[in-house]
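Notes to accompany the following structure.
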Amino acid sequence: MSTRPEDATSAPVSLADLEARAAARRERPAYGHDALIACDRLVRVFSADGVEVQALQGLDLLVSEGELMALVGASGSGKSTLMNILAGLDVPTAGAATVAGRDLLTMDARARLTYRREVVGFVWQQTARNLLPYLTVLQNVTLPMQLRGGRRRAARTKTAEQLLAMLSLDHCRDRRPHQLSGGEQQRTAIAVALANTPSVLLADEPTGELDSHTAEQVFAAFRTANEELGTTIVIVTHDQAVADEVRRTVAIRDGRTSSEVLRRTERDAATGREALVAREYAMLDRAGRLQLPADYTSSLGMAHRVLLELESDHIGVWPDPTADGNADHGAGDGPKPGGRTPDDGPKPGDGTPGDGPKPGGGATT
Ligand SMILES: Nc1ncnc2c1ncn2[C@@H]1O[C@H](COP(=O)(O)OP(=O)(O)O)[C@@H](O)[C@H]1O
Ligand SMILES: [Mg+2]
């Protein structure tokens, strides 16, 4: 007997079939099973004074172990809400979120405390929020180890000194935060966040209050932590220079991940020279939903409805010719979904097989 769903009305499905299907579904690896951070349709609704704000509206995000990545997005798009959830400080309204095997929705208070002390470290934008003003740099860095317990003072001091050396902060060892520059304060904050060797380091606009040169030094400290300790790092940033420095930048729009820029080094076949190539991708969620960039849709007058057409190597998206304002885009020379030969469509990147479409060109820097 066939197990295809469309046959279900014509032929009864046996119990054995149903069991086999359920087993296959169970054995299929869960979404993001191999990712260190997995957010699955994450929702966070705030209600204040009877008004509901949907800060996260079904956000999907996967981050691999050892990654150093950036999150960008307009103010109010939900970046800090996401960071607070990942930091274990806030709980999502719905969806699923796991970090290093911890389920962020079901952790009890005790597990949450351990999580914040041992699994994640965080660096905030406000330099004052990261450090205790009456402790020296060394004391600030040893404090998380002391709170965690289980190690001797000499061992804690040694670890702290190693972290300070790694981040070129030896000269700050005995100073208090007010005796440090803004950049030194943020680098010390990174050392504090790394004190208990967390799996993940989260930073919410860590360079927001710094000038560009200092911001560069702080970013270099994140890179060092990523390279030397293998720490997975997620940085929320407004700073294009920081976003340009990482391999992957994910953009958040209206509480959802909307696009992603991947950068990789490519060798030019002709000159043999290496160049960094950046390519922007739209996110496709598991239900097949896609967010089209607002400037693309508005330039073609697309709203409410679009026509789709499957081609051998891409999918075409056309404005609805019956919609107001689209009448002259269309009928004559426009695409006619369903009525075209495979050769007359637009072919990004010339359409040569294996060449692949190149949305946005792929800017070389
Ligand atoms: N505690 C809160 N109570 C009510 N609304 C909130 C709260 N935190 C954030 N919001 C709202 O959620 C949305 C996303 O905020 P946020 O995550 O801070 O954005 P971003 O960090 O990207 O600027 C905003 O509309 C903000 O006003
Ligand atoms: Mg924010």
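Only the coordinates and a few stated rules stand behind these numbers; no lab work does. Here the structure is a predicted model, which means the values were calculated and not measured. Here the Cβ positions follow ideal geometry from the backbone for every residue, glycine too, while neighbour counts run over all protein chains shown.
Quick notes
- Ranking of 170, 239, 295 by neighbouring Cβ atoms within 10 Å, starting from the fewest: 295, 170, 239.
- When the helices of the chain are scored as -39500 (n - 2.57) per DSSP H run of n ≥ 4 and the total is divided over every residue, the value at 222 nm lands at -8000 deg cm²/dmol.
- Residue 20 versus residue 57: modelled label distance in nm, points set 7 Å from Cα along the beta carbon direction: 4.3
- Take 193-199, 21-27, 274-280 and order them by the average number of nearby Cβ atoms within 10 Å per residue, most first; the result is 193-199, 274-280, 21-27.
- Cα centroid of segment 66-126 to Cα centroid of segment 227-262, whole Å: 15
- Relative contact order [Cα under 8 Å, 6+ residues apart], the chain, whole percent: 16
- When only the Cβ of Lys, Arg, Asp and Glu is charged (+1, +1, -1, -1), the dipole of the chain relative to its Cα centre reaches about 1960 debye.
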